[in-house]
Each structure stands twice: as structure tokens, then as C-alpha cells.
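Below is one structure; the comments refer to it alone.
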Amino acid sequence: MFGKMKQHLQGELSEIKAAGLYKNERIITTPQYSEIKVQGADGTEKSVLNFCANNYLGLSNNKRVEDAAIKAIQSHGYGMSSVRFICGTQDLHKELEQEIARYFKTEDTILYAACFDANGGVFEPLFGEEDAIISDSLNHASIIDGVRLCKAKRYRFANANMEELEECLKQAQAQRHRIIVTDGVFSMDGNVAPMDKICDLAEKYDALVMVDECHSAGVVGATGRGVAEKYDCYGRIDIHTGTLGKAFGGAIGGFTTGPKEIIDMLRQRSRPYLFSNSIPPAVVGASLEVFKMLNESDELHTTLMSNVEYFRTRMVDAGFDIKPTQSAICAIMLYDAKLSQDYAARLLEEGIYVTGFYYPVVPKGEARIRVQLSAAHTQEQLDRAIAAFIKVGKEMGVIK
């Protein structure tokens with residue numbers, strides 16, 4: 001039965017490879033950090049500087065975080081073997097939920113296996129056919145998929161376009177409840193959603209506000225506590241979703257945090273929560289240590305933002321086309337899909353590990369290399385990366 005489909009898939013894969021768009025997975029043989037070793041096709045290892053991980057605060061192999069994970073395994077075991085409402089809830093889970101709520105200044109939190117599940121499970125329990133979801137055009141795929149699972153009427157506005165958002169809100173007055181949904185930081189461009197203006201419109205047109213903090217929590221704001229801190233929107237954003245898999249240690253796990261009534265309803269009806277195993281104790285224990293560290297000091301966040309400013313300034317001075325960013329993401333625009341792949345391959349030869357992004361991950365004609373900065377990067381490492389970008393950029397005619 002698979003014969004015809006096999007031929008079809010082989011043809012599709014051949015076309016992807018011929019177009020230079022095939023995604024190869026590089027094998028890392030070391031812990032995640034600013035410098036890692038990758039394994040070549042011949043099995044040999046090469047040390048490279050890593051500029052494409054979401055390890056914004058450099059905590060993915062932090063000793064305190066590792067020790068906390070080990071301690072949690074020793075005290076609470078390896079896995080839960082159950083979902084939360086059966087026998088999958090430990091005291092550690094409740095402690096982490098409250099710690100996340102304190103961090104975002106909300107009332108309660110619900111944990112998920114990943115933020116994809118948090119976004120996939122937030123809409124259907126809360127909104128029905130009489131309601132409206134108004135979504136930014138560049139929202140993450142997990143938000144898009146979550147909206148698809150809900151029967152609410154859908155509206156979409158161009159990225160961060162407040163005129164289009166207001167028009168959608170006017171049209172959505174016909175619905176019972178309305179919610180505006182946006183990424184905090186848009187992962188491909190690195191721009192931050194204008195949450196103050198979004199909240200103003202939400203209040204004007206009686207709408208709730210939801211923000212995905214995956215790339216903003218730990219990064220934007222005076223102390224890195226996300227878009228509510230950056231725009232002083234505490235109490236104006238109703239729902240935050242986020243991940244433990246980026247700035248907060250880089251493992252896995254997601255969350256939704258907000259009013260206690262919303263969180264309680266999600267505990268009753270959110271399918272990814274009801275039908276997925278609980279986050280393992282090691283991740284929970286390590287995450288608790290991460291939040292403890294962030295409450296102790298802002299040093300990691302300060303270092304991260306210093307690195308972002310240093311890298312971006314020197315790359316712009318060198319002549320690169322970089323989208324404006326207030327986050328740890330620097331999108332270096334190349335526009336051509338194959339060029340982005342070839343450029344990334346050459347940089348790997350120079351010891352710089354980055355990834356080219358192209359359609360369908362970004363719009364056609366908008367290919368780029370996305371550089372992600374970390375608090376773990378040293379200035380010497382940043383200088384090496386900048387020098388390699390300039391060298392390859394001149395070789396390929398990207399800059400003069």
C-alpha cells in the first residue's frame with residue numbers, strides 16, 4: 001500500500017534537495033552552550049561557535065541548574081508516568097506554577113509539556129462560535145494551530161499594524177467575547193509587539209489580550225521579565241503563554257499564566273493538559289532554580305543585552321541589512337533562499353554555526369540568517385563571528 005506514496009514522497013524530497021532547501025540536522029556531541037562540537041558526515045568532530053540556539057541567558061548547561069535537576073530526580077524520581085489530574089501532580093509542580101505566576105505578576109499558572117501544547121490548548125476551552133480571535137499575521141505556528149482547533153470567528157491583522165487591528169476589533173463587535181493574540185517577540189524578525197498600543201485598543205473595544213512570551217521572557221524589559229514589564233502593561237494582559245525551553249534553562253515544558261478562573265477552566269478542559277504526561281521532576285526542579293537565580297540578580301540579562309547591542313552595531317556598521325530588533329534575535333537579510341543556505345554552510349566552515357531561514361518558515365523573498373545572541377557569548381566570540389560574517393559576505397557579494 002505504501003508503494004505509490006513512497007514514490008510520491010521520494011519525488012517531493014528530491015525537489016526540495018534540488019532547490020537547496022533540504023533541512024539537514026547537525027549532530028552536537030557536547031552540552032548546549034556558546035561553543036559546541038558538531039559531528040560531520042564522516043564522524044569527525046569540529047568545534048564551532050553557536051549562534052542559533054534559544055539559550056538566551058546561557059543556562060542550558062549551568063552547574064546550579066544541572067545540580068537542581070539531579071537533586072529533583074533523587075528526591076522526586078525520573079518520570080511521572082501519568083497526567084496531572086490522575087496521579088501526575090507533585091508538590092514541585094505546584095511550586096513552579098506559583099513561581100511563574102509571581103514572575104509575571106499573575107494569579108495562577110498551568111504547566112504543559114511544551115508551549116506548542118499551551119498555545120494549542122488555550123483557545124478551545126475558552127472560546128466558542130459566538131466569540132472572536134484576532135491574531136497577528138506573524139504569530140507562531142502553535143498559535144495558528146490552536147486557533148484552528150477552536151470554532152470562534154477568526155480575524156487577522158498585519159504584523160504590529162494597529163490600524164488593521166482596530167478595524168478587526170470594530171468588525172468583531174458582533175461577537176460575544178473577543179481576544180487579541182500576539183507573539184511578544186516575533187521569532188523570525190526579532191521585533192517586539194507594541195503591547196501598550198494593543199492594550200489601549202483592547203480596552204477601547206472590550207477585548208482580552210494574550211501574548212506568547214517564548215522569545216520575550218527573560219529577554220525584553222528592564223530586567224527581562226517580558227513585554228508587560230517593557231510596556232508597563234501589568235494587569236492589562238490577560239493571558240501569557242511561554243516556554244521553559246529557551247531563556248529559562250532550555251529543556252522543555254510550557255505554561256499558561258493569568259487569572260485564576262481562566263487557569264482553572266484550562267485544568268478542566270484543555271486537552272493537551274488532560275491527556276499528556278506531567279513534566280518530569282528534573283525539569284521542574286531545574287526550572288525552580290532558574291527562577292531563583294533570576295530573582296537574585298539581573299546580571300545574565302544585562303550581559304545578554306550588552307552582547308546584542310555590540311553585535312548588532314558592528315554588523316550594521318559593516319554594511320549588513322539587519323531588521324530592527326529589541327530582542328536577542330538579529331535577522332540578517334539575504335532575501336534569496338539558496339544564498340541563505342550557502343552562506344550558512346560557508347560560515348560553518350569558518351567555525352560559526354548559524355541557520356538560514358527561507359519559505360515557508362519566512363515569506364518568499366525574505367530569506368535570512370537568524371543570529372541568536374546569548375549571555376554566554378564572550379566579546380572575543382562575538383568578534384570572531386562578526387569577522388566571519390564580513391569575510392563570507394564579501395566573498396558572496398552581500399557586502400562590499
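The values are calculated or read from the model by the stated rules, or taken from the named source; none is laboratory data. Source: prediction; values computed, not measured. Neighbour counts are summed over all protein chains in view; Cβ atoms, including those assigned to glycine, are modelled from backbone coordinates with ideal geometry. What goes into the accessible areas is simple: the full protein's heavy atoms, side chains included, and nothing from ligands, DNA or RNA. Shrake-Rupley method; radii C 1.70, N 1.55, O 1.52, S 1.80 Å.
General observations
- K292 meets the conditions (1) open to solvent by less than 40 Å² (accessible area, probe 1.4 Å); (2) more than 19 Å from R368 (Cα to Cα) in every case but one. The failed one is (1).
- Residue identified as more than 24 Å from the chain's Cα centre (by Cα), at pLDDT 95 or above, small (G, A, S) and closer than 26 Å to R346 by Cβ among S47, S34: S47
- Residues located in the stretch 235-271, provided they are of a type in the set (V, I, T) and open to solvent by 10 Å² or more (accessible area, probe 1.4 Å): I237, T243, I252, I262
- Taking the criterion of being open to solvent by 10 Å² or more (accessible area, probe 1.4 Å), farther than 18 Å from I239 by Cβ and not hydrophobic (A, V, I, L, M, F, W, C), the residues of the stretch 183-196 that qualify are S187, D189, N191.
- For Y56, the stated conditions do not hold, so it cannot be described as open to solvent by 80 Å² or more (accessible area, probe 1.4 Å) and touching a residue at least 40 places away in the same chain (Cβ under 8 Å).
- Some residue of the stretch 300-312 being surrounded by fewer than 20 Cβ atoms within 10 Å (Cβ to Cβ), among the aromatic types (F, W, Y), more than 22 Å from F123 (Cα to Cα) and touching a residue at least 12 places away in the same chain (Cβ under 8 Å): yes
- The residues in the stretch 81-101 that are assigned to a helix (DSSP H, G or I) and either free of Cβ contacts under 8 Å to residues at least 60 places away in the same chain or of a type in the set (A, V, I, L, M, F, W, C) (or both) can be counted, and the count is 10.
- The numbered conditions (1) in a helix (DSSP H, G or I); (2) crowded, with 16+ Cβ neighbours inside 10 Å; (3) not acidic (D, E) are all true for S75 except (2).
- Single residue of the stretch 288-346 satisfying the filter (of a type in the set (A, V, I, L, M) and not in a helix (DSSP H, G or I)) that is nearest to K230 (Cα to Cα): A328
- Condition met for S278 (modelled with pLDDT of 95 or more, over 25 Å from C199 (Cβ atoms) and surrounded by fewer than 23 Cβ atoms within 10 Å (Cβ to Cβ)): no
- Matching residues in the stretch 78-97 - criterion: being among the polar types (S, T, N, Q) and either under 24 Å from K246 (Cβ atoms) or surrounded by 14 or more Cβ atoms within 10 Å (Cβ to Cβ) (or both): T89, Q90
- Breaking point among (1) in contact with a Ser or Thr (Cβ under 7 Å, 6 or more places away or on another chain); (2) surrounded by fewer than 24 Cβ atoms within 10 Å (Cβ to Cβ), for Y231: (1)
- Condition check for S14 on (1) assigned to a helix (DSSP H, G or I); (2) hydroxyl-bearing (S, T, Y); (3) at positive phi: one failure, at (3).
- Matching residues in the stretch 343-353 - criterion: being touching a residue at least 40 places away in the same chain (Cβ under 8 Å) and either out of contact with any strand residue (DSSP E or B) (no Cβ under 8 Å at 6 or more places or on another chain) or surrounded by 23 or more Cβ atoms within 10 Å (Cβ to Cβ) (or both): Y343, R346, L347, E350, I352
- The number of residues in the stretch 15-30 being open to solvent by 70 Å² or more (accessible area, probe 1.4 Å) and either at pLDDT 95 or above or in contact with a Cys (Cβ under 6 Å, 6 or more places away or on another chain) (or both) comes to 0.
- Condition check for R26 on (1) out of contact with any strand residue (DSSP E or B) (no Cβ under 9 Å at 6 or more places or on another chain); (2) within 18 Å of D342 (Cβ to Cβ): one failure, at (1).
- Of all residues making up the stretch 39-53, the number that are of a type outside the set (A, V, I, L, M, F, W, C) and crowded, with 21+ Cβ neighbours inside 10 Å: 1
- Output for the stretch 354-382, where each listed residue is without any contact (Cβ under 8 Å) to a residue 24 or more places away in the chain and not in a loop (DSSP other than H, G, I, E, B): G356, E380
- For I390, the conditions (1) in a helix (DSSP H, G or I); (2) closer than 22 Å to N191 by Cβ; (3) of a type outside the set (D, E); (4) at pLDDT 95 or above are fulfilled apart from (2).
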